[in-house]
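Worksheet: the structure to be examined is printed underneath.
The values are calculated or read from the model by the stated rules, or taken from the named source; none is laboratory data. Not measured: the values here are computed from a predicted model. Because the Cβ atoms are built from the backbone with ideal geometry, glycine has one as well, and the counts that use them run over all protein chains shown. These accessible areas exclude ligands, DNA and RNA; they are computed on the full protein's heavy atoms, side chains included. Shrake-Rupley method; radii C 1.70, N 1.55, O 1.52, S 1.80 Å.
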Amino acid sequence: MKLEFLFYPIQLKHTFRIANYARNETPCVFIKLRYNGFTSFGEAALPPYLKVTPESCEKYFKAVNQLNYFNNLSLEVGEFDLSPIKENIGINTPALAAIETALFDLIGKIYNKPVWEIVGSDSEKMPVTSCTIGIDSEEILKLKIEEAKDFKVLKIKLGTKNDKNIIEIIRRNTDKPLYVDANQGWTDKNEAVDFIHWLKSQNVLMIEQPMSKSNLEGNAYITQNSPLPVIADESCQNLNDVYDLRGAFHGINIKLMKCGGINEAQKMIALARKQKMKVMMGCMTESSCAINAASALAPQCDFVDLDGAWLIANNPFELPQLEEGKILLKKESGFGLVPKPDSDIFFSL
Ligand code: MG
């Protein structure tokens with residue numbers, strides 16, 4: 001068994017704007033494994049701030065094929081040894097996540113089980129997922145709110161000089177509960193605490209990454225004085241960070257691309273719970289492939305922000321189904337991915 005891979009730039013429906021940054025495309029590499037008549041998929045979504053390129057993923061995938069890793073692997077339910085391909089992974093965590101996703105998908109298909117069941121999730125406990133609204137003009141914000149009509153919570157990107165104005169525009173157009181992601185954009189901890197009190201009065205339920213990840217003291221001060229839960233995103237990449245953030249944030253935002261996949265994410269959830277921290281499952285702009293993978297663990301989290309597949313224009317797979325604003329976990333084996341009939345030939349089964 002060898003993995004096949006394909007560079008596939010993900011096109012965004014709208015320009016993605018956060019504090020000090022904008023883009024229209026996210027580089028991405030899909031992988032496919034074929035074994036005994038089964039086909040499984042994985043995805044490495046590569047937003048530029050991760051600094052991982054499609055070329056570095058390609059180099060890594062070729063090295064894994066050369067190791068003959070897949071042929072030496074025992075395909076037991078939920079247990080496969082990633083250690084031979086994990087050493088010196090460095091920043092290439094999205095490539096590792098892609099391989100792990102394809103392996104979970106394959107094992108699910110071989111044993112005819114959905115992955116969420118393999119990883120011990122209770123499909124009845126799925127929280128609602130938020131839909132992200134990036135920084136934009138009032139006209140575009142209105143359009144995005146309309147497009148997000150099936151979602152019960154919106155996540156608003158702030159961290160600009162205009163934050164109050166953005167929330168006022170949102171509130172003129174919807175009364176849905178909100179999460180706020182400052183994306184490290186706030187610079188004064190006392191102003192931030194005052195502003196969070198105001199946000200609470202606007203039915204905001206949670207704050208993500210208020211200050212720079214380099215300012216642990218500032219983030220910790222905000223956490224200690226905030227009337228709303230404060231969640232680490234840029235500050236939390238992997239398991240080691242979860243230890244370091246105890247007391248500095250109320251919780252962590254786990255993304256498979258940051259941490260390297262479901263196994264690492266499960267360890268992060270376990271440690272966060274031990275430290276009495278909240279857990280959020282987040283995503284990049286990515287297709288249904290990576291979204292379905294993250295959804296398998298989402299019922300074990302407090303907050304879910306798995307909207308990536310709804311924000312892109314060229315998803316090669318069918319969208320997950322939403323029910324009352326929650327991603328529906330289906331009984332299909334693996335991640336239940338369905339390639340669209342018109343998607344690239346690479347995905348034809
Ligand atoms: Mg964030």
Residue within segment 297-304 that is open to solvent by less than 10 Å² (accessible area, probe 1.4 Å) and within 14 Å of the ligand (Cβ to nearest atom) present:
yes
Filter segment 195-232 down to residues that are charged (D, E, K, R) and open to solvent by 10 Å² or more (accessible area, probe 1.4 Å) and give me whichever is nearest to the ligand (Cβ to nearest atom).
K213
Answer yes if at least one residue in segment 156-177 is within 21 Å of A290 (Cα to Cα), within 23 Å of the chain's Cα centre (by Cα) and free of Cβ contacts under 8 Å to residues at least 40 places away in the same chain, and no otherwise.
no
Of (1) in contact with a strand residue (DSSP E or B) (Cβ under 7 Å, 6 or more places away or on another chain); (2) open to solvent by less than 10 Å² (accessible area, probe 1.4 Å); (3) under 29 Å from T15 (Cα atoms), V242 fails just (3)
With (1) part of a loop (DSSP other than H, G, I, E, B); (2) of a type in the set (D, E); (3) over 22 Å from the mean Cα position of the chain (by Cα) as the list, and E217 as the residue in question, which single condition is left unmet?
(1)
If the requirement is being out of contact with any helix residue (DSSP H, G or I) (no Cβ under 6 Å at 6 or more places or on another chain), among the hydrophobic types (A, V, I, L, M, F, W, C) and surrounded by 13 or more Cβ atoms within 10 Å (Cβ to Cβ), which of these qualifies: A44, A102?
A102
Which of the residues spanning segment 22-36 are in contact (Cβ under 8 Å) with a residue 40 or more places away in the chain and either under 17 Å from the mean Cα position of the chain (by Cα) or assigned to a strand (DSSP E or B) (or both)?
T26, C28, V29, F30, I31, K32, L33, Y35
Tell me, which residue of segment 47-78 that is of a type in the set (D, E, K, R) and in contact (Cβ under 8 Å) with a residue 12 or more places away in the chain is least open to solvent (accessible area, probe 1.4 Å)?
E58
